[in-house]
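Data block below; observations after.
The values are calculated or read from the model by the stated rules, or taken from the named source; none is laboratory data. Treat the numbers as computed from the prediction; the structure is a model and nothing was measured. Note that each Cβ is placed from the backbone with ideal geometry, even for glycine, and that neighbours are counted across all protein chains shown.
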There are 2 protein chains.
Amino acid sequence: MPSETFFNLPEEKRERVLDAAIKEFAQHPYHKSSINRIVEEADIAKGSFYQYFSDKKDLFKYIVELITEEKMTYISKAVAEKQNLNFFELLRELYLAGFRFTKEHPRLQLVAFRIINLDNQLKEEILDKSEQKSDQFFIKLLEEGIKKEEIDPNIDIEFTAYLITQLNISVLEDYFWKKLEFDNEEDLLAELSKDKLMHLVDKILYFIRNGIEKNS
Amino acid sequence: MPSETFFNLPEEKRERVLDAAIKEFAQHPYHKSSINRIVEEADIAKGSFYQYFSDKKDLFKYIVELITEEKMTYISKAVAEKQNLNFFELLRELYLAGFRFTKEHPRLQLVAFRIINLDNQLKEEILDKSEQKSDQFFIKLLEEGIKKEEIDPNIDIEFTAYLITQLNISVLEDYFWKKLEFDNEEDLLAELSKDKLMHLVDKILYFIRNGIEKNS
DNA sequence: GTAGAATATGACCAAGAAGTCATATGACTT
DNA sequence: AAGTCATATGACTTCTTGGTCATATTCTAC
């Protein structure tokens, strides 16, 4: 946890520190991220930094917290507007919201990817148990879906929740990096057009709904 | 590429170096892996190391190559024994072989995970384009599957290949870490019994075949 | 004003990293 | 035995890192 001192800081300065930190963690993997560069970018003294955070891990934990919260409220808001959706419609909204978030906050999403891909040792040190299992949300959705007879009751709920979570991440990552591959602005826009995006979401949903076996 | 000198080394010494390197890369993420520790473990002089490899990246590239090859031949062999399998039977064999590999070479698999989760910048520096796209294999399988009318012809082949590859990794990772969570040997063995394993493979295959929507 | 608490600062330190190089050792050829 | 080429060595340099701390500055309350 950051110190009292940090929270007492004038907002402008606090933001400067956090921005610098997020920039650094987006640009470099955790172990290569440098406090030296962060303080330089934020234009504060090294000593000041250690008045605010006890060490690098402390800072990172806090950043993780911030990003998690920011993304959760973003997604929640997006989904809360819609009502009475069935499982798959909701899933579609989740995907779309996820893509929008990525588009609007690419830097945050990049750090989020780094968090997900953290080596397990560090993950255990930095995330608490509940944060490590992000499947909880899908478990609930799946249970409801089964009750409402939208979902095949034969599935292993926990395992399926895990699979869907992982697919989620993969698809988002795919989208994210595809986004960065285009240096040509126009091509990029074409690729990210609503149409294409919808199409992408259709495909992943089709996969999750029906699998790939030919129906005979 | 390692130098001529390295390949001229007596096998015992060469193995010592490679073992030490693999141990180091299994224990630490790339950026935290230390040449100092490797030379100490391998019991060679620092200077000698730099006779063999131009730098850390050079060594890592070579290790990646070795592991990739080892795993590929392992899987190939396992699958080659079986004949005339349809897509899903083959997929099952691939999963089982993957699990067996993980069980027999946990250290190699651990490094493999680290390679997969490498930050993208490093990935580009270390893997060439073809290695970055490991979907190629599944693309072929899917194409055949469609021809043989086992697979839904409506799918987007490339995208689906990507999804299956990612699922593959996720499931393997899940299996791997579950494996490490048990400190009690007996529980572990129970969890990894043929039965349980078969059951796990059944579940993932069921998911890929049918999806999760309730058939009405 | 002044006392005293809260903040800010950057020179400094120890640890560890990657990488170099002059020198030593060995091994093979003639 | 002499000469030559391949290999081995570890002290050394340079760089960067995370983290500390004595001192300076600013803020607040009286």
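Some values worked out for this structure:
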| read-out | value |
| --- | --- |
| Complete set of residues in the stretch A:170-181 that are more than 8 Å from every other protein chain (Cβ to nearest Cβ) and either in contact with a Phe, Trp or Tyr (Cβ under 9 Å, 6 or more places away or on another chain) or not hydrophobic (A, V, I, L, M, F, W, C) (or both) | A:172, A:173, A:175, A:176, A:178, A:179, A:181 |
| Hey, residue A:58 in a helix (DSSP H, G or I), over 23 Å from residue A:129 (Cα atoms) and at pLDDT 95 or above or not | no |
| Selection within the stretch B:60-77 - β-branched (Val, Ile, Thr) and either within 8 Å of DNA strand C (Cβ to nearest atom) or closer than 20 Å to residue B:118 by Cα (or both) | B:63, B:64, B:67, B:68 |
| Qualifying residue in the stretch A:47-59 (condition: among the aromatic types (Phe, Trp, Tyr), more than 14 Å from every other protein chain (Cβ to nearest Cβ) and away from DNA strand C (no atom under 16 Å from the Cβ)) | no |
| Matching helices (runs of 4 or more DSSP H) fully within the stretch B:81-163 where at least 2 residues are closer than 30 Å to residue A:214 by Cβ, in contact (Cβ under 8 Å) with a residue 40 or more places away in the chain and away from chain A (no Cβ under 13 Å) | B:87-104 |
| Residue A:100 vs. criteria at negative phi, modelled with pLDDT under 95 and surrounded by fewer than 16 Cβ atoms within 10 Å (Cβ to Cβ) | yes |
| Selection status of residue B:151, surrounded by 16 or more Cβ atoms within 10 Å (Cβ to Cβ) and within 21 Å of residue B:198 (Cβ to Cβ) | no |
| Selection count where residues are more than 29 Å from residue B:34 (Cβ to Cβ), surrounded by 16 or more Cβ atoms within 10 Å (Cβ to Cβ) and within 11 Å of DNA strand C (Cβ to nearest atom), scope the stretch A:17-46 | 3 |
| Some residue of the stretch A:62-74 being modelled with pLDDT of 95 or more and not in a helix (DSSP H, G or I) | no |
| Which numbered condition residue A:50 misses (of (1) touching a residue at least 12 places away in the same chain (Cβ under 8 Å); (2) within 15 Å of residue A:2 (Cα to Cα)) | (1) |
| Residues located in the stretch A:47-97, provided they are under 13 Å from the mean Cα position of the chain (by Cα), acidic (Asp, Glu) and buried (at least 16 other Cβ atoms within 10 Å of the Cβ) | none |
| Test result for residue B:108, more than 16 Å from DNA strand D (Cβ to nearest atom), buried (at least 16 other Cβ atoms within 10 Å of the Cβ), within 26 Å of residue B:170 (Cβ to Cβ) and of a type outside the set (Phe, Trp, Tyr) | yes |
| Some residue of the stretch B:20-34 being in contact (Cβ under 8 Å) with a residue 24 or more places away in the chain and under 30 Å from residue B:146 (Cα atoms) | no |
| Subset of the stretch B:117-130 [surrounded by fewer than 14 Cβ atoms within 10 Å (Cβ to Cβ) and not small (Gly, Ala, Ser)] | B:121, B:124, B:125, B:128, B:129 |
| Yes/no for residue A:133 being exposed (fewer than 14 other Cβ atoms within 10 Å of the Cβ) and either at negative phi or in contact with an Asp or Glu (Cβ under 6 Å, 6 or more places away or on another chain) (or both) | no |
